[in-house]
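Structure record follows, encoded as structure tokens.
The values are calculated or read from the model by the stated rules, or taken from the named source; none is laboratory data. Predicted model only: the values in this text are computed from it and were never measured. Using ideal geometry, Cβ is built from the backbone for each residue, glycine included, and neighbour counts are taken over all protein chains shown.
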Amino acid sequence: MAIAVETQKLEPIRSVRKVPKEEYYVPGHRTCQGCGPALCYKLVAKAAGPNTIFLGPTGCMYVANTSYLCSPFAVPWMHAQITNGGAVASGVEAAYQVLIRKGKWEGPLPNVIVMGGDGGSVDIGLQAMSAMMYRGHDALFICYDNEAYANTGIQTSPTTPYGANTTFTPPGPAIPEGKKLFPKDPPQLVIGGHPAVKYVATASVAYPIDLITKVRKALNYQGPSFMHIHCPCPKGWKFDANKTIDIARMAVETGMWVLYEWENGEYKYQHKPREYKPVKEYMKAQGRFVHLTEEHIAKMQAFIDAKLKAPGIPVEVPVPLPRAEA
Ligand SMILES: Cc1ncc(C[n+]2csc(CCOP(=O)(O)OP(=O)(O)O)c2C)c(N)n1
Ligand code: SF4
């Protein structure tokens, strides 16, 4: 995809005082109390500003946000299928490129942002996201990661952590730990296979200035970019709605979530703790891990320890053998 037209230049935001007051994700939605993805939307919309078009693949951030005649989006928003957020974003971006070139739309190019859940990004939505990046469309793909297919009843997804109890991985006598697999690594998936992508970042709703800064940086890059944002889900992870930020922060403090940027091949880390807390502290705060034994928690700790030796860089993870009777 040729990138020919003028794009926006968003100023970096380095302090709370510089954060714009204007909201583009406003009251008028029916997400659960304490919803991490809703807070993520609010921050991303604030960072991106008025000249923005959101594409929303099916998921909580479509269903709970778009009740009949009621929506929180104060900028254009369009529904995409859960499978094709990347394809719809490609079409929107390509259409604006043509309109601007033909003088039928005064530039600059709007920010084109896909807000996909983990399912709509790196599982069911993967091929369309990958194709958008492969072709080099000027769009930002955000995976708001609530670590489950939440909208259809908290089913496991490829980013659900090891040991989590979901409706598709209930712990029981045969599989006491619930989820047996370790999660996919979405940023590495993008970095490893998409040469047109020059900017990839992780973020968390507990670190809003970092998140806003990265959104602006990603949007300023011409071409595709990707962000993976940690968004606790009180309903699915089973914690009190007033603990969303505490849980998100604890993920960073224990190494369960690492904040970094990958820019033109170079890694930079943010809010790296001097010393990591044990993952047990994070896990014991959530009902989805309550069934785990010390042995399971030790397995998780070993996985995180290995990852933290080279944060952001893939490590070997234990892969269970296929079940003979599956
Ligand atoms: C092709 C297709 N398969 C299944 C569904 C059912 N479905 C609707 S929302 C959803 C869950 C989406 O999960 P995710 O993308 O992680 O977003 P979340 O709901 O967690 O925000 C599913 C499976 C669908 N709409 N389309
Ligand atoms: S289920 Fe989770 S992601 Fe969905 S609206 Fe509720 S808190 Fe948000």
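Annotation note: of GLY116, GLY153, GLY85, the sole residue that is within 21 Å of CYS40 (Cα to Cα), under 13 Å from the mean Cα position of the chain (by Cα) and within 16 Å of ligand 1 (Cβ to nearest atom) is GLY116. Only one entry in ALA302, ALA241 is surrounded by fewer than 16 Cβ atoms within 10 Å (Cβ to Cβ) and modelled with pLDDT of 95 or more, namely ALA241.
Consider region 31-69 and keep the residues that are at pLDDT below 95 and more than 13 Å from ligand 1 (Cβ to nearest atom). The one that is nearest to ALA206 (Cα to Cα) is SER67.
Against the test of being aliphatic (A, V, I, L, M), more than 18 Å from ASP145 (Cβ to Cβ) and buried (at least 20 other Cβ atoms within 10 Å of the Cβ), the options ALA89, ALA74 yield a single qualifying residue, ALA89. In region 21-40, the residue that is nearest to LEU69 (Cα to Cα) out of those that are loosely packed, with under 15 Cβ neighbours inside 10 Å and in contact (Cβ under 8 Å) with a residue 24 or more places away in the chain is GLY28.
Restrict the check to region 95-102 and report whether at least one residue is touching a residue at least 24 places away in the same chain (Cβ under 8 Å), within 16 Å of ligand 2 (Cβ to nearest atom), farther than 26 Å from LEU126 by Cα and over 18 Å from the mean Cα position of the chain (by Cα).
Taking every residue of region 95-102 in turn, none turns out to be touching a residue at least 24 places away in the same chain (Cβ under 8 Å), within 16 Å of ligand 2 (Cβ to nearest atom), farther than 26 Å from LEU126 by Cα and over 18 Å from the mean Cα position of the chain (by Cα).
Given the criteria closer than 27 Å to THR7 by Cα, within 16 Å of ligand 2 (Cβ to nearest atom) and either modelled with pLDDT under 95 or among the small types (Gly, Ala, Ser) (or both), does GLY136 qualify? When the stated conditions are applied, GLY136 does not pass them.
Please work out which residue is farthest from ligand 1 (Cβ to nearest atom), limiting yourself to region 220-253 and to residues that are among the hydrophobic types (A, V, I, L, M, F, W, C), within 23 Å of HIS291 (Cα to Cα) and in contact with a Lys or Arg (Cβ under 8 Å, 6 or more places away or on another chain). Looking at the filtered set, the residue picked out is MET250. Being among the hydrophobic types (A, V, I, L, M, F, W, C), in contact (Cβ under 8 Å) with a residue 60 or more places away in the chain and in contact with a helix residue (DSSP H, G or I) (Cβ under 8 Å, 6 or more places away or on another chain) is the filter here, so list the residues in region 191-222 that pass it. Selection gives ALA196, VAL197, VAL200, ALA201, VAL205, ILE209, LEU211, ILE212, VAL215, LEU219.
So, LYS18, is that one among the basic types (Lys, Arg) and under 16 Å from PRO208 (Cβ atoms) or not? Write out each step before concluding.
Numbers: among the basic types (Lys, Arg): yes; under 16 Å from PRO208 (Cβ atoms): yes.
Yes, satisfied.
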